[in-house]
Amino acid sequence: MPETNAEDPQRPAGPEQASRPKQPAVKTLDARSLRGLAHPLRMRMLAALRHEGPATASQLAEQLGESSGATSYHLRQLAAHGFVEDAPGHGKGRERWWRAVHQGTAFDETLMYDEADPETRGAADAFLHEIATIHTQELHTWLGDSHNWPREWRSSTDMSDFTLRLTPAQATELIHKMHDLVNSYRDLPQAENTETVRLHTHAFPRRGHA
């Protein structure tokens, strides 16, 4: 899952990938790295480093309303699992700067299967629920602040949902096409009125009504 932390169903390599849009650098979670990431503060710190760029433990603490001791500890844990690394050349003095190693995280759904050990399944559940919480909070923040944005931006946002009748293969194909479309916008020339835009995608089966 690029950006917010989970998001790209794995697909087999094939000749069509040569023509696909440039993909972001993504870390695929295994059982160990999932357990290292599945903590609300760690996930939010990693998202902050991906979205805002390198920072110190103190800066992250101020941004997230935590103590610098807590952010320092969790940064070391993220580094131990390969999510962050030192960012030399930033700032002055002895304070340590950190940066994200990857642009996004891919979640392997097999970590939720019955054969996964209970600790891993629990970490997977916590990880996915935290992503859902973050998405909800981001939407609430936008709705509460939207009146402060120019009309052209208020009319350039979207909060839609759709209901389709699909097979698992068709649903997977649709997800891949959506991700490819989003990735095709990553390297567009930067205009004067460019802003950071967040896109959330959710696709899941539902029992009952068509």
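The values are calculated or read from the model by the stated rules, or taken from the named source; none is laboratory data. Just so it is clear, the model here is predicted, and its values are computed rather than measured. A quick note on method: Cβ atoms are made from the backbone with ideal geometry, for glycine too, and the neighbour counts reach across all protein chains shown. Accessible surface is based on the protein model in full, side chains and every heavy atom, while ligands, DNA and RNA are left aside. Shrake-Rupley method; radii C 1.70, N 1.55, O 1.52, S 1.80 Å.
If you wrap the tightest convex hull around every Cα atom of the chain and split its volume per residue, you get 178 Å³. Most simply put, the chain has about 65% antiparallel DSSP beta bridges, counting only bridges with both residues inside it. Accessible area of the chain with a 1.4 Å probe: how many percent of it is carbon plus sulfur? Exposed carbon and sulfur together represent 52 percent of the surface. The peptide list 43-53, 119-129, put in order of mean Cβ contacts within 10 Å with the highest first, becomes 43-53, 119-129.
Measuring with a 1.4 Å probe in the full set of protein chains, what accessible area per residue, in whole Å², belongs to the chain?
Details: 13930 Å² over 210 residues.
Normalised by residue count, the accessible surface of the chain is 66 Å².
For Ala123, the shell of other residues with beta-carbons less than 13 Å away shows a net charge of -2, using +1 for Lys and Arg and -1 for Asp and Glu. For segment 77-82, backbone phi angles converted through the Karplus equation (6.51, -1.76, 1.60; θ = phi - 60°) give residue-by-residue couplings of 5, 4, 5, 4, 9, x Hz, Gly and Pro being listed as x.
Around Arg206, under 13 Å between beta carbons, what's the net of Lys plus Arg minus Asp minus Glu among the other residues?
Details: positive: Arg165, Arg207; negative: Asp161.
Here the count lands on +1.
Using a 1.4 angstrom probe with every protein chain in place, what is the largest-first accessible-area order of Thr196, Thr157?
Numbers: Thr196 120, Thr157 65 Å².
Largest to smallest exposure gives the sequence Thr196, Thr157.
Take the Cα of Trp153, step 7 Å toward its Cβ, do the same at Ala25, and the gap between the two points is 2.9 nm. Each residue of segment 119-135 is assigned a 3J(HN,Hα), and the resulting list reads 5, 5, 4, x, 5, 4, 5, 5, 4, 5, 5, 5, 4, 4, 5, 4, 4 Hz, derived from the Karplus form 6.51 cos²θ - 1.76 cosθ + 1.60 (θ = phi - 60°), x at Gly and Pro.
Heavy-atom accessible area for Glu85, with the other protein chains in place and a 1.4 Å probe, reaches approximately 70 Å².
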